[in-house]
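Here the structure is laid out as structure tokens; the discussion comes afterwards.
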Amino acid sequence: MILEVRPLIDYYLNWVRDKTQLRELGNVIEITTPSLDRHNDYIQIYIKKDGKNFIITDDSYTIIDLEQSGCNLDSPRRQHLLKLTFAFFGIQNVDKELFVSATTENFPYKKHNLIQAICAVNDLFFLGRPHVESLFLEDVTLWLDENDIRYTPKVKFTGKSGYDHLFDFVVPKSKQAPERILSVINNPGKGSAQNAAFSWIDTKDVRSETSRAYAILNDNDKMVASEVSEALRNYDVIPVLWSEREIVREMLAA
């Protein structure tokens, strides 16, 4: 298994390097990453010097974009989820700007964490519905609770590359079933499937050989493209449509 996975990790790291573009904007460097946001646009971040260190920032784009899409971030529950996400990735949030300070030595790690935080924030909410009352993540949590599926929420694993990856739930190993790692994807698309797949590729080599990865896909408002499910399967992630969640209920509850 290790011999099969190692080339995938190398491919991923080479892909990140080859698809990253730099542009100089005065005293700021714009980095266009290969990671996609909920619009299927490439995520852009900005680097500026701070003495001997660097500030890596989203220039306030992520939160402003959410608000302009009609997503109210002022509720206590959503503020709690935002703060939890930022804490997991060590990200600061001041006046809607997401940023982190980095040294030359930890720059790759800090840059990775900022991008992961941006992706996590993008996927926390029903962004296309201005008057939505609930979060998809809350719906999944309620379903797990109602079906007595034991879990640990918001678990961070360090992958083979040394980068951290945040997973929404981990269902521990039992006598009947192996460890199950769940990612909740609110807006299934090429970008979110790509992020989930590569997080698992980087992580699976440091977990038990029997561990399994699942992606819970929100199909409440629109059908999930078959290409999304196929992409996940290709990287050994089991796609689960929310409308078909009962199919995996016993497997997760075991």
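Label zone (Asp145, point 7 Å along Cα-to-C-beta; backbone nitrogen cut-off 18 Å) within segment 160-195: 168-171, 184.
Based on other C-beta atoms within 10 Å, arrange Glu105, Glu179 from fewest to most.
Fewest-to-most ranking of Glu105, Glu179: Glu105, Glu179.
Considering only Leu25, Leu82, Leu73, the Gaussian network model of the chain with Cα springs below 10 Å gives its largest mean-square fluctuation to Leu25.
If you take the Cα centroid of segment 26-61 and the Cα centroid of segment 201-242, the two points sit 28 Å apart.
If you count Lys pairs in segment 136-253 whose Cα atoms are under 18 Å apart, skipping same-chain pairs closer than 8 places in sequence, the total is 7. Mean projected area of the convex hull spanned by the Cα atoms of segment 136-253, taken over all viewing directions: 6.8 nm². Axis angle, to the nearest 10 degrees, between helix 136-146 and the longest C-alpha principal axis of the chain: 30 degrees.
Using the Cβ-Cβ distance between Val28 and Ala87 with R0 set to 35 Å, the FRET efficiency from 1/(1 + (r/R0)^6) comes to roughly 0.85.
Take Lys175, project a point 7 Å from its Cα along the Cβ direction, then tell me which residues of segment 195-219 have their backbone nitrogen under 17 Å from it. Answer for segment 195-219: none. Over the chain, DSSP H runs of length four or greater, each weighted -39,500 (n - 2.57), average out per residue to a 222 nm ellipticity of -11500 deg cm²/dmol. Within the P(r) computed for segment 2-122, what percentage of the Cα pairs occupies the region above 16 Å? That tail contains 65 percent of the Cα-Cα pairs.
A straight chain from Met251 to His39 at 0.36 nm per residue would run longer than the Cα-Cα distance by 73.0 nm. Projected over every direction and averaged, the convex hull enclosing the alpha-carbon atoms of the chain yields 14.1 nm².
When only Cα pairs below 8 angstrom with a gap of at least 6 residues are kept, segment 136-253 shows a relative contact order of 24 percent.
Every number here is computed from the coordinates shown, using simple stated rules; none is lab data. For clarity, every value in this text was computed on a predicted model and none was experimentally measured. In this analysis, Cβ positions are derived from the backbone assuming ideal geometry, glycine residues included, and neighbour counts consider all displayed protein chains.
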